[in-house]
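Visitor: First the structure, then my questions, so here it is.
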Amino acid sequence: MKKYNSFIMLLCLSSLLSGCAESNILDKIGLTTLVGYDLGTEDKMEITAVIREVNPEFQSNVEIITTENDTSKGNRMKANRKLSKKITVGQMRVILFGEKLAKENLHYYIDLNLENANVSNGLYMAVVEDETAPLLNYKYENIDDIGQHIFRLLEQNITQEYMISPTLHETAHDFYSIGRDIAMPIIKRDEEHIEMSGIALFKGGTMVSTLPVKDSFFVKLVRDSFKSGFFETNLKEEEMPPGLLKKPSSEIPIVFDAIRSKRELKLIDASTPEFDLNLKLKARVLEIYPDVNLGDPELVKKLEKTISKNLSNEISRVIAHAQEVESDIFGFGEKYRSTVRNSDLTKEKWHEMYKNMKVNVDIDFVILRNGVFE
């Protein structure tokens, strides 16, 4: 019994000591949750860091510090001189890049964070319209922690499959792969809100173009497979099969969700090169306006074909734009390299071939018989 009581006392003492140690550690460090990179003056690096400080009572305070120096470590030293606590990066969740910097080259910044053992490979990366410093330093009325807010914004849009996933690991993979380029979400400030505004397309480490945010659905369809998802498109009156509309309308908005997709990419001609891209989609029509005649199974089949053609045209448009700016964010080059033996493919060689690539897009869209039909 005495041994048992002694064990309990030691256990309680250990818990108290560990609790004190944790308080002392949190009392001495500042947790960097987000870092924004911008072009500084005279080729310097400007960094804006969002730092959470926790006091012994576990109350937190958010500091936002902007510094400018020749190196990342130099910026950290400058930031440390402005704080009473040592800055750490182990809790960093987001890295943002100013648009001007992204148009220069992000190679150095990808390597910088990839080689830092304290930085998680799962953190998100995104581009900011204009510069990161004004977006992060703005005094928002309803946002207390800008770092956490932007992390949650990216996380929920990626989780719900509204946006492509841009983790450090995925970005580094795309950058170093022959036959694939980087794509990142773009965010901007709109008055008191921060919102997704598009997708940044890269050639190598340099941002070369953008796509509007609505095109993220098409980009994700070609790059990945959907497990859920939600999408809205507009069908033109001339696209609709006869007899489907109950009353004339110049445009028919249609919303579908519960999307399931399967992607098959096949190289059919290595010399051009030419690919067959087959996409099979199943989705539930959630909403359609104006009223349409969906009681006839034959008309439903015609609607499926109409949506298939619409999606095929949109995907072909997005691929054509990416080809025009020589940004293979879809990984066609990876498929080419894995299919063609001894291709000796290089990034430069593939970008030249990519411009003249041909893709035959075939969509098989199936409406799940629930939702609007019930």
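The values are calculated or read from the model by the stated rules, or taken from the named source; none is laboratory data. Fair warning: this is a prediction, and the values are worked out from it, not measured in the lab. Ideal geometry is used to build each Cβ from the backbone, glycine not excepted, and the neighbour counts take in all protein chains shown.
Visitor: Looking at segment 346-358, is at least one residue closer than 27 Å to Lys282 by Cα, at pLDDT 95 or above and of a type outside the set (Gly, Ala, Ser)?
Guide: Within segment 346-358 (the criterion being closer than 27 Å to Lys282 by Cα, at pLDDT 95 or above and of a type outside the set (Gly, Ala, Ser)), the answer is yes, since at least one residue qualifies.
Visitor: From the list Phe365, Phe330, exactly one residue is out of contact with any Gly (no Cβ under 6 Å at 6 or more places or on another chain), in a loop (DSSP other than H, G, I, E, B) and surrounded by 14 or more Cβ atoms within 10 Å (Cβ to Cβ). Which is it? Before the answer, list the steps.
Guide: Working: Phe365 fails: in a loop (DSSP other than H, G, I, E, B).
From the options Phe365, Phe330, the qualifying one is Phe330.
Visitor: Yes or no: Leu311 under 30 Å from the mean Cα position of the chain (by Cα), touching a residue at least 60 places away in the same chain (Cβ under 8 Å), surrounded by 16 or more Cβ atoms within 10 Å (Cβ to Cβ) and within 18 Å of Lys214 (Cβ to Cβ)?
Guide: Values: under 30 Å from the mean Cα position of the chain (by Cα): yes; touching a residue at least 60 places away in the same chain (Cβ under 8 Å): yes; surrounded by 16 or more Cβ atoms within 10 Å (Cβ to Cβ): yes; within 18 Å of Lys214 (Cβ to Cβ): yes.
In short, yes.
Visitor: Moving to a separate point now. If only one of Ile182, Ile150, Ile199, Ile158 is crowded, with 20+ Cβ neighbours inside 10 Å, more than 19 Å from Ser327 (Cα to Cα) and not charged (D, E, K, R), which one is it?
Guide: Working: Ile182 fails: more than 19 Å from Ser327 (Cα to Cα); Ile199 fails: more than 19 Å from Ser327 (Cα to Cα); Ile158 fails: crowded, with 20+ Cβ neighbours inside 10 Å.
After ruling out the rest, the residue left standing is Ile150.
Visitor: Which numbered condition trips up Lys188, out of (1) of a type outside the set (Ser, Thr, Tyr); (2) assigned by TED's automatic domain parsing to the domain that holds Lys355; (3) not in a loop (DSSP other than H, G, I, E, B)?
Guide: (2)
Visitor: How many of the residues making up segment 210-232 are in contact (Cβ under 8 Å) with a residue 60 or more places away in the chain and either closer than 18 Å to Leu277 by Cα or surrounded by fewer than 16 Cβ atoms within 10 Å (Cβ to Cβ) (or both)? Talk me through it step by step, then tell me what you get.
Guide: Step one: list which residues in segment 210-232 are in contact (Cβ under 8 Å) with a residue 60 or more places away in the chain, which gives 211, 215, 218-219, 221-224, 226-230.
In the following step, the residues that additionally are either closer than 18 Å to Leu277 by Cα or surrounded by fewer than 16 Cβ atoms within 10 Å (Cβ to Cβ) (or both) were identified as 215, 218-219, 221-224, 226-228.
Residues flagged as in contact (Cβ under 8 Å) with a residue 60 or more places away in the chain and either closer than 18 Å to Leu277 by Cα or surrounded by fewer than 16 Cβ atoms within 10 Å (Cβ to Cβ) (or both) within segment 210-232 amount to 10.
Visitor: Between a first residue in segment 242-269 that is farther than 28 Å from Lys220 by Cα and a second residue that is at pLDDT 85 or above and buried (at least 17 other Cβ atoms within 10 Å of the Cβ), which pairs have beta carbons less than 7 Å apart while being 6 or more apart in sequence or on different chains?
Guide: Listed by first residue and then by second, the contacts come to Leu244/Leu303.
Visitor: Looking at segment 215-261, which of its residues are in a helix (DSSP H, G or I) and in contact with a Leu (Cβ under 8 Å, 6 or more places away or on another chain)?
Guide: Selection gives Phe218, Val219, Leu221, Val222, Glu237.
Visitor: Given the criterion touching a Phe, Trp or Tyr at 6+ places or on another chain (Cβ under 8 Å), buried (at least 19 other Cβ atoms within 10 Å of the Cβ) and at pLDDT below 95, identify the matching residue among Val285, Val292.
Guide: Sole residue among the options that is touching a Phe, Trp or Tyr at 6+ places or on another chain (Cβ under 8 Å), buried (at least 19 other Cβ atoms within 10 Å of the Cβ) and at pLDDT below 95: Val285.
Visitor: Here is a follow-up. Against the definition (modelled with pLDDT of 85 or more and under 30 Å from Gly179 (Cα atoms)), how does Thr306 come out, yes or no? Explain how you work it out, then say what you get.
Guide: Details: modelled with pLDDT of 85 or more: yes; under 30 Å from Gly179 (Cα atoms): no.
No: the conditions fail for Thr306.
Visitor: In segment 273-291, is there at least one residue being more than 28 Å from Glu161 (Cα to Cα), outside the structural domain of Ser177 (by TED's automatic domain parsing) and outside any loop (DSSP other than H, G, I, E, B)?
Guide: Yes - at least one qualifying residue is present in segment 273-291.
Visitor: May I ask you to verify whether Asp181 is under 28 Å from Phe226 (Cα atoms), out of contact with any strand residue (DSSP E or B) (no Cβ under 7 Å at 6 or more places or on another chain) and of a type outside the set (S, T, N, Q)?
Guide: no
Visitor: Right, here's the next one. For residues that are more than 26 Å from the chain's Cα centre (by Cα) and among the basic types (Lys, Arg), tally how many sit in segment 338-369.
Guide: 4
Visitor: Of the residues His173, His107, only one is farther than 21 Å from Met45 by Cα and surrounded by fewer than 19 Cβ atoms within 10 Å (Cβ to Cβ); which?
Guide: Numbers: His107 fails: farther than 21 Å from Met45 by Cα.
After ruling out the rest, the residue left standing is His173.
Visitor: Quick one: in segment 234-280, of everything that is touching a strand residue (DSSP E or B) at 6+ places or on another chain (Cβ under 6 Å) and of a type in the set (Ser, Thr, Tyr), which residue is nearest to Val292 (Cα to Cα)?
Guide: Ser261
Visitor: Sticking with this structure for a sec: For segment 88-120, what are the residues that are in a loop (DSSP other than H, G, I, E, B) and over 17 Å from Phe175 (Cβ atoms)?
Guide: Val89, Gly90, Gln91, Met92, Arg93, Ala117, Asn118, Ser120
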